[in-house]
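The values are calculated or read from the model by the stated rules, or taken from the named source; none is laboratory data. Everything numeric here is computed off the predicted structure, so don't read it as measured data. Note: ideal-geometry Cβ built from the backbone for every residue, glycine included; neighbour counts use all protein chains shown.
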Amino acid sequence: MALMGQMMSMPLLISSLIQHAARHSGDTEIVSKRVEGDLHRTTWAAVELRSRQLAQALARLGLSAGERVGTLGWNGYRHLEIYYGTSGSGLVCHTINPRLFPEQIAWIANDADDRALCFDLTFLPLVEKIAAQLPQVRHFILMTDRAHMPAQTAIPNLRCYEELVEAEDGRYVWPEFDENTASSICYTSGTTGHPKGAVYSHRSSVLHAYGAALPDAMAASRRDVILPVVPMFHVNAWGLPYSTALVGCKLVMPGPHLDGKSLYELFETEKVTFSAGVPTVWLGLLNYVGANQLKFSTFKRTVIGGSACPPAMLRTLMDDYGVDVIHAWGMTEMSPLGTLSRLSSRQLELPQEQQRRLLEKQGKAIFGVDMTVVDDAGRELPWDGKSSGNLVVRGPWVIESYFGHDGSPLIRVAGADGRDAGLWFPTGDVAAIDADGFMQITDRSKDVIKSGGEWISSIDVENIAMAHPAVHEAAVIAVPHPKWDERPLLVVVRKPGEAGAALTREDVLGFYEGKIAKWQVPDDVVFVDEIPHTATGKMLKLKLREQFKSHQLPGC
Ligand code: AMP
């Protein structure tokens, strides 16, 4: 019979992260640029206490274990308290992307069955608009103090966050429960159709927090001052609210102020050493710093991911500003970290140009994630840096299923030796892996567009165009864009007859008004006689992407 380990059986719980930070780094600062306009300072100990008060308040409102609490919030200490106050007490924190169209936000909140919704002042008009579409939400909580509560609102029984928290005494003991319990949920529109929820567990989140902090990942330490630019509504800000508690470092949060000037000032005044975000944000920061001939005094390291980091950006940050760039790849379904580009001691001896070429790749798998590339039949391809295939992953922080969906997204993989290698999650990315295990994304098989780190679902955009009476067929494809990485281009076949002949670019674009968010509307329209199709009738997007890859978008 197997001999069992004789270690304490303590579940990996999110509450243990904040308790650790409060006990061992209690007076370390948490600084937030508030929606209300000022700079707010608190500590890990105070955030932990207020998270307990929040847990008491939510229980008093009648919320019980397993129920979802939605958030529409920027990066700030109140959002952090909601992360811990909900998950820590057994509720499920559901961060919603406020950049989506109101109907989509309502759809997501209903799909997750949110029972309470906490939101920043910025989103009061948005929530007023959708409140009536959220019959299951019993409590609307405005994340502000009494002084900033609106005198009048269409939201029934709107509650004040500060009043709820301050009414409690904090005499609350974080409960212990199964580490596989759901802790948070994030929706991704990274696939076609409706967005789908990835449900993280306490165990997966704590393991991911450990992994993310490792030296060859984000190398987070208590000597760092970390400013997550990546929003807390994008895959839990890549786990930084957890990893920063785990290492007990100073945390700085920019609120809604993500322009180059605001970020630079915050970096300098708070002595930020490390940050993380999508390429579009760094472009804004670099433009500001370049135009004003500024340098960074303390900023030393940054993770860039969510979209491919442009090589020029990597080089500018490294050569002109002395900032180490860690190119990373991951996805919502992976909590999100998968790979990071960090060199081994052997690679550090290579000529600089070769080192740079490696750093431009998406990098090596972090422990906790296994990855490989397979052909369309699920057979593993060689790691030779040339064989491009479907990138598949597995690990304790990779999803097994989507929230509320019966079928499994996993696929069976046959190893290079022909043996069954078990079930893996297909990422929808196409990549090659070299002999050193460096992965490089070469394409994407999923039919979506990623603009400034946000998804645009091709199906939604196409369906609207197809509803236009003068459109016969429409396809939307991604074309490269210097600022947003990708932007949608609509390819249209006109209906035969008069109406079709009279159809203009402006007619089609005007048709999107009020139907989707402005940033999801295509930048341009091209008219063609025919869209190429496969034998089974599917539009051949690859061919279209190739045909229009040099298309000049207006304003570029
Ligand atoms: P999300 O679920 O919104 O985090 O998006 C995940 C997807 O973004 C991945 O499957 C990729 O298609 C894309 N992505 C993320 N990071 C990178 C990167 N470093 N390079 C290229 N694509 C990326």
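Residue selection: R99 satisfies the criterion of being basic (K, R), on the phi < 0 side of the Ramachandran plot and modelled with pLDDT under 95.
Listed residues E546, E513; which is loosely packed, with under 10 Cβ neighbours inside 10 Å, out of contact with any Pro (no Cβ under 8 Å at 6 or more places or on another chain) and of a type outside the set (G, A, S)? Step through it out loud before you land on a result.
Details: E546 fails: loosely packed, with under 10 Cβ neighbours inside 10 Å.
E513 is the lone residue from the list that is loosely packed, with under 10 Cβ neighbours inside 10 Å, out of contact with any Pro (no Cβ under 8 Å at 6 or more places or on another chain) and of a type outside the set (G, A, S).
Checking the conditions here, which among E48, E67, E36 is of a type in the set (D, E), modelled with pLDDT under 95 and in the same structural domain as E179 (by TED's automatic domain parsing)? Just one listed residue meets the conditions, E36. From the list V374, V272, the lone residue that is assigned by TED's automatic domain parsing to the domain that holds A212 and either crowded, with 21+ Cβ neighbours inside 10 Å or within 16 Å of the ligand (Cβ to nearest atom) (or both) is V272.
Assigned by TED's automatic domain parsing to the domain that holds R50, within 18 Å of the chain's Cα centre (by Cα), under 21 Å from M10 (Cα atoms) and not hydrophobic (A, V, I, L, M, F, W, C), is that true of S189? Give the steps one after another, and end with the answer.
Values: assigned by TED's automatic domain parsing to the domain that holds R50: yes; within 18 Å of the chain's Cα centre (by Cα): yes; under 21 Å from M10 (Cα atoms): no; not hydrophobic (A, V, I, L, M, F, W, C): yes.
Taking the combined requirement at face value, the residue does not satisfy it.
Note on segment 485-504: residues that are on the phi > 0 side of the Ramachandran plot and surrounded by 22 or more Cβ atoms within 10 Å (Cβ to Cβ) amount to 1. Looking across segment 205-252, the residues that are hydrophobic (A, V, I, L, M, F, W, C), more than 17 Å from R78 (Cβ to Cβ) and within 16 Å of the ligand (Cβ to nearest atom) come down to A212, A217, M218, V229, V230, V235, W238. Among the residues in segment 435-457, are any among the hydroxyl-bearing types (S, T, Y) and more than 13 Å from the ligand (Cβ to nearest atom)? No, the conditions are met nowhere in segment 435-457.
Checked against (1) within 16 Å of the ligand (Cβ to nearest atom); (2) under 26 Å from T122 (Cβ atoms); (3) surrounded by 23 or more Cβ atoms within 10 Å (Cβ to Cβ); (4) not basic (K, R), S341 passes all but condition (2). Scanning segment 282-313 for residues that are crowded, with 22+ Cβ neighbours inside 10 Å and within 13 Å of L359 (Cα to Cα) turns up T302, V303, I304, G305, C309.
The C-beta contact set for segment 226-249 (first residue farther than 25 Å from G260 by Cβ, second residue acidic (D, E) and away from the ligand (no atom under 12 Å from the Cβ), distance under 8 angstrom, 6+ apart or interchain) comprises V247/D224.
If you check E81 against the conditions, is it more than 17 Å from V206 (Cβ to Cβ), among the acidic types (D, E) and buried (at least 23 other Cβ atoms within 10 Å of the Cβ)?
Details: more than 17 Å from V206 (Cβ to Cβ): yes; among the acidic types (D, E): yes; buried (at least 23 other Cβ atoms within 10 Å of the Cβ): yes.
Yes: the conditions hold for E81.
On the stretch given as segment 146-160, residues that are in a loop (DSSP other than H, G, I, E, B), more than 19 Å from R68 (Cβ to Cβ) and in contact (Cβ under 8 Å) with a residue 24 or more places away in the chain total 4.
Selection of segment 253-262 for residues being outside any loop (DSSP other than H, G, I, E, B) and either surrounded by fewer than 22 Cβ atoms within 10 Å (Cβ to Cβ) or within 16 Å of the ligand (Cβ to nearest atom) (or both) yields G260, K261, S262.
Considering only residues of segment 293-336 that are near the ligand (Cβ under 10 Å from one of its atoms) and part of a strand (DSSP E or B), which is nearest to M218 (Cα to Cα)? Only one residue fits best here, namely V303. Of the helices (runs of 4 or more DSSP H) lying entirely inside segment 464-556, those carrying at least 2 residues that are at pLDDT below 90 and under 28 Å from the mean Cα position of the chain (by Cα) are 541-547.
Within this structure, A55 fails the test of being among the hydrophobic types (A, V, I, L, M, F, W, C), farther than 30 Å from P125 by Cα and in contact with a Gly (Cβ under 7 Å, 6 or more places away or on another chain). Please verify whether W455 is within 25 Å of G385 (Cα to Cα) and of a type in the set (F, W, Y), treating the condition exactly as stated. For W455, the condition - within 25 Å of G385 (Cα to Cα) and of a type in the set (F, W, Y) - is not met. Considering (1) out of contact with any Lys or Arg (no Cβ under 8 Å at 6 or more places or on another chain); (2) assigned to a helix (DSSP H, G or I); (3) modelled with pLDDT of 95 or more, say which one E81 fails and leave the rest. Against the list (1) out of contact with any Lys or Arg (no Cβ under 8 Å at 6 or more places or on another chain); (2) assigned to a helix (DSSP H, G or I); (3) modelled with pLDDT of 95 or more, E81 comes up short only on (1). Among the residues of segment 50-78, the ones that are surrounded by fewer than 18 Cβ atoms within 10 Å (Cβ to Cβ) and not in a loop (DSSP other than H, G, I, E, B) come to 2 in all. Give me a count of the residues in segment 87-108 that are touching a residue at least 40 places away in the same chain (Cβ under 8 Å) and either outside the structural domain of Q133 (by TED's automatic domain parsing) or β-branched (V, I, T) (or both). The qualifying residues number 4. When restricted to residues that are among the acidic types (D, E) and crowded, with 24+ Cβ neighbours inside 10 Å, segment 317-338 contains 1. Selection of first residues in segment 426-455 that are touching a residue at least 60 places away in the same chain (Cβ under 8 Å) and part of a strand (DSSP E or B) and of second residues that are near the ligand (Cβ under 9 Å from one of its atoms) and of a type in the set (S, T, Y), restricted to Cβ pairs under 8 Å at least 6 apart or on distinct chains, gives the following pairs, ordered by first then second residue: M439/T339; V448/S189; K450/S307; W455/T188; W455/S189. Of all the listed residues (K361, K386), the sole one being crowded, with 21+ Cβ neighbours inside 10 Å and part of a loop (DSSP other than H, G, I, E, B) is K361.
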